[in-house]
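This report refers to the structure that appears directly beneath it.
The values are calculated or read from the model by the stated rules, or taken from the named source; none is laboratory data. Fair warning: this is a prediction, and the values are worked out from it, not measured in the lab. Cβ coordinates were reconstructed from backbone atoms using ideal geometry, including for glycine residues, and neighbour counts include every protein chain displayed. Areas reflect the complete protein model, heavy atoms only, side chains present, ligands, DNA and RNA absent. Shrake-Rupley method; radii C 1.70, N 1.55, O 1.52, S 1.80 Å.
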Amino acid sequence: MKLSYPYLVNHIPISKERRPGHKLELKFVTIHNTGNPTSKATGERAWLENPQNTRVASFHLVVDDQMVVECIPLNEVAWHAGDTQGNYNSIGIEICESGDYDRTMYNAVELVAGLLIANNLSINALKQHHDWSGKDCPWKIRRGHGGWTWDRFKAEVNKRMVVKYMSKYFKDVTQAWQAEHVDKLRERGVISGRSADTFDPDAPITRAECAVVVDKAIDYVLKELAK
């Protein structure tokens, strides 16, 4: 995942309280605010190992207006959601509250869009901490601070995913998880779409159409094997 700002990997050690080492089965990305008006990404990372921190809580990533820090590997569980599914099936991202808030939010948008795309997740996989435990978090976004409501944040993430990964051939294929596979099949002659520039991705497929696609796919594989 390439970002326009620095991505620092600085993992905390294994511990029962913050990095249990359990395998994460990723299905969601969960957003938090730090609750610290002076927070910066490096400071939040340091807090995870501060002896004065007695909380059984952690997060995978923390982003501010300059950078993002990965504190726990993205394939491991972190204690961030207050809910079993939220912990075991989602990456927790803390958004810092100091500095240039707009820049921080756009950095978070870029980070979240990249994660969703890299893991073939849709915008519907984006969650608030509130969705798991009922906690008023991410509190700044839930209050629309600086014009950044939850609806706006999701829309900005979705827009970035669509603009970057919409199909090269079909104007109505605008989701990352669709476009990559549709374009590959188009380039291999397996599918052709409803017209020159439309695919109609939500339309049902008939048995006859399915037979044509399967036949073309088999033909492609046989030609590749014969090379």
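Key figures
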{"read-out": "Residue in segment 111-134 that is surrounded by 22 or more Cβ atoms within 10 Å (Cβ to Cβ) and out of contact with any strand residue (DSSP E or B) (no Cβ under 9 Å at 6 or more places or on another chain) present", "value": "yes"}
{"read-out": "Among residues of segment 79-127, those that are charged (D, E, K, R) and farther than 24 Å from Thr38 by Cα, counted", "value": "2"}
{"read-out": "The lone exception for Gln178 - which of (1) assigned to a loop (DSSP other than H, G, I, E, B); (2) modelled with pLDDT under 85; (3) out of contact with any helix residue (DSSP H, G or I) (no Cβ under 8 Å at 6 or more places or on another chain) it fails", "value": "(1)"}
{"read-out": "Lone unmet requirement of (1) in contact with a helix residue (DSSP H, G or I) (Cβ under 8 Å, 6 or more places away or on another chain); (2) of a type outside the set (Phe, Trp, Tyr); (3) open to solvent by less than 70 Å² (accessible area, probe 1.4 Å) for Arg19", "value": "(1)"}
{"read-out": "Count - residues of segment 24-44 that are of a type in the set (Lys, Arg) and in contact (Cβ under 8 Å) with a residue 60 or more places away in the chain", "value": "1"}
{"read-out": "Residue in segment 73-80 that is open to solvent by less than 10 Å² (accessible area, probe 1.4 Å), touching a strand residue (DSSP E or B) at 6+ places or on another chain (Cβ under 9 Å), among the aliphatic types (A, V, I, L, M) and more than 16 Å from Val112 (Cα to Cα) present", "value": "yes"}
{"read-out": "From Lys171, Lys159, Lys216, residue being assigned to a loop (DSSP other than H, G, I, E, B) and either modelled with pLDDT under 90 or over 25 Å from Ile117 (Cβ atoms) (or both)", "value": "Lys171"}
{"read-out": "Filtered residue count, segment 198-227, keeping only those that are closer than 20 Å to Lys171 by Cβ and touching a Gly at 6+ places or on another chain (Cβ under 7 Å)", "value": "1"}
